[in-house]
Amino acid sequence: MPQDTTPPLTPELYLEVQQFYAGHMHAVDSGDFETWAVGFTEDGVFVSNGFPEPLAGRAAIDAVTRKGAAARAERGATHRHVLTNLDLRPLTEHTVSARSYVLVVESVAGAGAALYASTLCEDRLVRQDGTWRVAERRVTRDDLPAVDSGDRR
Amino acid sequence: MPQDTTPPLTPELYLEVQQFYAGHMHAVDSGDFETWAVGFTEDGVFVSNGFPEPLAGRAAIDAVTRKGAAARAERGATHRHVLTNLDLRPLTEHTVSARSYVLVVESVAGAGAALYASTLCEDRLVRQDGTWRVAERRVTRDDLPAVDSGDRR
Amino acid sequence: MPQDTTPPLTPELYLEVQQFYAGHMHAVDSGDFETWAVGFTEDGVFVSNGFPEPLAGRAAIDAVTRKGAAARAERGATHRHVLTNLDLRPLTEHTVSARSYVLVVESVAGAGAALYASTLCEDRLVRQDGTWRVAERRVTRDDLPAVDSGDRR
């Protein structure tokens, strides 16, 4: 007997995801790259119109993240990933579609703060080992051309 | 026997309103004007010190919204309505007073992102047809003189 | 028999703290300094790398806050404390560790809005008289050198 198995969006689920994001963004902003990296599944994919090509797999995401952070450190800059307008849609018991706005704010020692980019972040999250992880992330920077889907149909 | 019928603020109610706003703001920012417009009641009022006069009714709000979006599109700009600091007060079973900060962030293709305006958003929301709608919105841009109430007492 | 008494993070608790912050930040931004001040415990401490020295006690916090607001008013500027990425960890039944990002947005009459500072806000909150109060606040502005802990070990 077929039935709709889409679970309801509960405050408990929303809170779990909200806490996941707060920890995830704080990790990357504070240089805790291990915590950031395990926030993606082993085979997680990160697509962005700010990247020359999609990042496939946790190791690739980790490498690019560390490279970016090293470049910022060299010029005395830090980033904050300010996440707002979080919109959740449970897909299954263990999968959630999450859409949010992420402002990237850059501060430079002695030179104040500025908006680095305004982005739309679309994630597919999965529950693994009692925590949430990003299986697929699509980030669209509002100031750059949208990603070409590659679909030529 | 008179009694206080103000319902408590529950996580379920907060979540409903939070999801409403996430969808409402995403709709206007992504050009889904139908969804944005039905986020107001048929006779909804939108007052702002950024408008020459109050907008009365969904149709008027819709028209002004589309006009603004067309002007932005012409100069290659997009807006994000970044909603934070949401403070809710239930008034009745079907009415909520909602106060939030809404940053309007503007991105221009090839020219980065900037703060367009910092605003205070004060809404009276009503539950209609199983969803929330704005019956009255008062937006105060922090960089413009406050709206004159028109009250000359 | 020893046991773990750390309470769970529930949606109810998260909501309480979220509403506390929304009211707390709105109070200081709108000039309701009494409400802002009682958001700290009588002996609350406010440390920031933006201050020459820690503020000890509600009275000291209140005085410095009013002085800052008066200086801003003189140059036609207002601030909004935009709080996001809230991460809570209950410590005891009546104590919570709260970490958030607080963007300070400045608007000047007739001159638009700008990011004034990007900060990390680390609070220890205590429940007192049925409400939450800040017992200890540590604010780190991202564009200034970190606070020296004073620890010379």
Hey, can you tell me all the residues within the range B:54-96 that are more than 14 Å from chain A (Cβ to nearest Cβ), charged (D, E, K, R) and surrounded by 17 or more Cβ atoms within 10 Å (Cβ to Cβ)?
B:Arg58, B:Asp62, B:Asp87
Are any of the residues in the range C:106-118 modelled with pLDDT under 95, more than 20 Å from C:Phe51 (Cα to Cα), more than 10 Å from chain B (Cβ to nearest Cβ) and not in a strand (DSSP E or B)?
no
Going through B:Asp129, B:Asp123 one at a time, which residue ends up being at pLDDT below 95 and not hydroxyl-bearing (Ser, Thr, Tyr)?
B:Asp129
If B:Phe40 satisfies every condition in (1) more than 14 Å from chain C (Cβ to nearest Cβ); (2) aromatic (Phe, Trp, Tyr); (3) over 15 Å from the mean Cα position of the chain (by Cα) but one, which is the exception?
(3)
Of (1) under 26 Å from C:Thr119 (Cα atoms); (2) more than 14 Å from every other protein chain (Cβ to nearest Cβ); (3) buried (at least 16 other Cβ atoms within 10 Å of the Cβ), A:Val47 satisfies every one except (1)
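Answer with yes or no whether B:Thr6 is closer than 25 Å to B:Arg89 by Cα and either among the polar types (S, T, N, Q) or surrounded by 14 or more Cβ atoms within 10 Å (Cβ to Cβ) (or both).
In short, yes.
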Which of the residues belonging to the range B:128-151 are under 19 Å from B:Ala22 (Cα atoms) and either crowded, with 16+ Cβ neighbours inside 10 Å or hydrophobic (A, V, I, L, M, F, W, C) (or both)?
B:Trp132, B:Arg133, B:Val134, B:Ala135, B:Glu136, B:Arg137, B:Arg138, B:Val139
Considering only residues that are more than 13 Å from chain C (Cβ to nearest Cβ) and in contact (Cβ under 8 Å) with a residue 60 or more places away in the chain, look in the range B:1-21 and name the one that is nearest to the chain's Cα centre (by Cα).
B:Tyr21
Considering (1) surrounded by 20 or more Cβ atoms within 10 Å (Cβ to Cβ); (2) within 12 Å of the chain's Cα centre (by Cα); (3) within 14 Å of another protein chain (Cβ to nearest Cβ), say which one C:Arg99 fails and leave the rest.
(1)
Tell me, which residue of the range C:32-42 that is of a type outside the set (Ser, Thr, Tyr) and under 14 Å from C:Trp132 (Cα atoms) is surrounded by the fewest Cβ atoms within 10 Å (Cβ to Cβ)?
C:Glu42
Taking the range B:108-125 only, how many residues are in contact (Cβ under 8 Å) with a residue 60 or more places away in the chain and under 15 Å from B:Gly57 (Cα atoms)?
1
Tell me which of these A:Glu53 doesn't satisfy, since it passes every other one: (1) out of contact with any strand residue (DSSP E or B) (no Cβ under 7 Å at 6 or more places or on another chain); (2) under 30 Å from B:Val17 (Cα atoms).
(2)
Of all residues in the range A:22-75, which are without any contact (Cβ under 8 Å) to a residue 24 or more places away in the chain, closer than 27 Å to C:Val102 by Cα and part of a loop (DSSP other than H, G, I, E, B)?
A:Asp32
For the range B:22-37, which residues satisfy the criterion of being within 11 Å of another protein chain (Cβ to nearest Cβ) and within 13 Å of the chain's Cα centre (by Cα)?
B:Ala22, B:Gly23, B:His24, B:Met25, B:His26, B:Ala27, B:Asp29
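The values are calculated or read from the model by the stated rules, or taken from the named source; none is laboratory data. None of the values given here were measured: they were computed from a predicted structure. Every residue, glycine among them, receives a Cβ derived from its backbone with ideal geometry; neighbour counts consider all protein chains shown.
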